[in-house]
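Peer 1: One structure is given below, represented as structure tokens, and several questions about it will come after.
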Amino acid sequence: MDYKIIGDSCCDLTPELKADPHFTIVPLTLEIGTYSVVDDENFNQVDFLKRLKESTEGAKTACPSPEAFMHAIEESDSDENYVITISEHLSGSYQSAVIGLQMFEEDHPDSTKKVYVFSTDTATAGELNLCLTIQELKAEGKTFDEVVTIINDKIHVMQILFVLESIENLRRNGRLSAMKSFLATALNIKPVMTAIHGVIQKLDQQRGLNKAIKRMVELAVERAGGPEKTQHMLITICHVNNPERAEYVKEELLKLASFRRIVISNTMGVATVYAEDGGIVLAI
């Protein structure tokens, strides 16, 4: 096989990508109080959301070990290996991948495998977007060095926006330190948010979820450079257990602009923890 994409379980791959041998997932572990579950192909989103709603403690995640990434690299049958993890500002997954690569290189000094660990500065829909872009670049015949350069350039310009039905677990985990929850639930205020270097920032707010989603879509197109720039862009939409809402986001996007490709995926466990039931994350 000519290439392998090794992602952590915040990549939120589509079912087709999960079945594609070019992709391998190194899972995080999810914890709600004393309950823990590995975020792999056996993750039951509905059951986990039920446990999350019933818990008073909130959920946490634990990153994979360096050994897990080392083994994924060892087991790869590909000459080119691209490692995509959640932002180093949000999780230790990136650092584990870096150490895992170092361990692999120490144990296999004569290996000819090419491996690059990206500092993605993103999560969920952003990781999926990068994975799909690598897949497209390899289909075009790009070399390893060309892919690394293009993806690193994309990381610096990619926009991530999201609207959540609930911000409770973000608050519990200290992710909203730069924002005030300011009676958002009582007033039905839904912030439109982004994350810059792992720090959540509010871009706007609207009364009601649908208005917030429409504003998110407007901001996404604006921040991408306007309709004249988006026609060659790939958009990824990740949802937490709400495909109808994801389709609504797609419809709203197409009202404002055209795009090269729009891909929708349900989240795996990590994004389910933080975006919670009904959350929507958009990467462009």
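The values are calculated or read from the model by the stated rules, or taken from the named source; none is laboratory data. Just so you know, these numbers come straight off a predicted model, no measurement behind them. Note that each Cβ is placed from the backbone with ideal geometry, even for glycine, and that neighbours are counted across all protein chains shown.
Peer 1: Between a first residue in segment 189-209 that is free of Cβ contacts under 8 Å to residues at least 24 places away in the same chain and part of a strand (DSSP E or B) and a second residue that is polar (S, T, N, Q) and buried (at least 16 other Cβ atoms within 10 Å of the Cβ), which pairs have beta carbons less than 6 Å apart while being 6 or more apart in sequence or on different chains?
Peer 2: Listed pairs, sorted by first residue: 189/205; 201/194.
Peer 1: Something else: Any residue in segment 25-44 that is among the small types (Gly, Ala, Ser) sitting within a Cβ distance under 7 Å of a residue that is part of a strand (DSSP E or B)? List the pairs, counting only those 6 or more apart or interchain.
Peer 2: Within 7 Å, the pairs are 36/29; 36/30.
Peer 1: Being without any contact (Cβ under 8 Å) to a residue 24 or more places away in the chain and in contact with a strand residue (DSSP E or B) (Cβ under 9 Å, 6 or more places away or on another chain) is the filter here; which residues of segment 1-19 pass it?
Peer 2: 15, 18
Peer 1: Looking for something at pLDDT 95 or above, more than 19 Å from the chain's Cα centre (by Cα) and assigned to a helix (DSSP H, G or I) - is there at least one such residue anywhere in segment 108-129?
Peer 2: no
Peer 1: The conditions are (1) in contact with a strand residue (DSSP E or B) (Cβ under 6 Å, 6 or more places away or on another chain); (2) of a type in the set (A, V, I, L, M); (3) more than 23 Å from residue 120 (Cβ to Cβ), and residue 46 fails exactly one of them. Which is it?
Peer 2: (1)
Peer 1: State whether one or more residues within segment 88-107 are in contact (Cβ under 8 Å) with a residue 40 or more places away in the chain, among the small types (Gly, Ala, Ser) and not in a helix (DSSP H, G or I).
Peer 2: Yes: one or more hits.
Peer 1: Given 209, 176, which one is aliphatic (A, V, I, L, M) and either in contact with a Cys (Cβ under 8 Å, 6 or more places away or on another chain) or at pLDDT below 90 (or both)?
Peer 2: One residue alone meets the criteria, 176.
Peer 1: Based on this model, can you work out whether residue 165 counts as among the acidic types (Asp, Glu) and assigned by TED's automatic domain parsing to the domain that holds residue 246? First the steps, then the outcome.
Peer 2: On the way: among the acidic types (Asp, Glu): yes; assigned by TED's automatic domain parsing to the domain that holds residue 246: yes.
Judged against the criteria, residue 165 is a match.
Peer 1: Among 87, 76, 91, which is the only one that is assigned by TED's automatic domain parsing to the domain that holds residue 136, at pLDDT 95 or above and of a type in the set (Gly, Ala, Ser)?
Peer 2: The unique qualifying residue is 76.
Peer 1: Same structure, new question: Quick check on my filter: what residues within segment 38-74 are within 29 Å of residue 243 (Cβ to Cβ), of a type in the set (A, V, I, L, M, F, W, C) and buried (at least 19 other Cβ atoms within 10 Å of the Cβ)?
Peer 2: If the condition is that a residue be within 29 Å of residue 243 (Cβ to Cβ), of a type in the set (A, V, I, L, M, F, W, C) and buried (at least 19 other Cβ atoms within 10 Å of the Cβ), then 48, 52, 59, 63 are the ones that fit.
Peer 1: Follow-up question, since we're still on this one. Which condition from (1) in contact (Cβ under 8 Å) with a residue 12 or more places away in the chain; (2) farther than 16 Å from residue 163 by Cα; (3) of a type outside the set (Phe, Trp, Tyr) is the one that residue 265 breaks?
Peer 2: Among (1) in contact (Cβ under 8 Å) with a residue 12 or more places away in the chain; (2) farther than 16 Å from residue 163 by Cα; (3) of a type outside the set (Phe, Trp, Tyr), residue 265 violates only (2).
Peer 1: Check every one of the helices (runs of 4 or more DSSP H) wholly within segment 221-279 and list those with 1 or more residues that are at pLDDT below 95 and buried (at least 18 other Cβ atoms within 10 Å of the Cβ).
Peer 2: It comes to 269-275.
Peer 1: Ok, one more. For residue 139, state whether it is closer than 16 Å to residue 273 by Cβ and modelled with pLDDT of 95 or more. Before the answer, list the steps.
Peer 2: Details: closer than 16 Å to residue 273 by Cβ: no; modelled with pLDDT of 95 or more: yes.
It is false that residue 139 is closer than 16 Å to residue 273 by Cβ and modelled with pLDDT of 95 or more.
Peer 1: Same structure, new question: Right, residue 40: assigned by TED's automatic domain parsing to the domain that holds residue 114 and under 27 Å from residue 113 (Cα atoms) or not? Don't jump to the end; show me each part of the working.
Peer 2: Details: assigned by TED's automatic domain parsing to the domain that holds residue 114: no; under 27 Å from residue 113 (Cα atoms): yes.
Judged against the criteria, residue 40 is not a match.
Peer 1: From the set of residues in segment 179-206 that are modelled with pLDDT under 75 and among the hydroxyl-bearing types (Ser, Thr, Tyr), which is surrounded by the fewest Cβ atoms within 10 Å (Cβ to Cβ)?
Peer 2: 185
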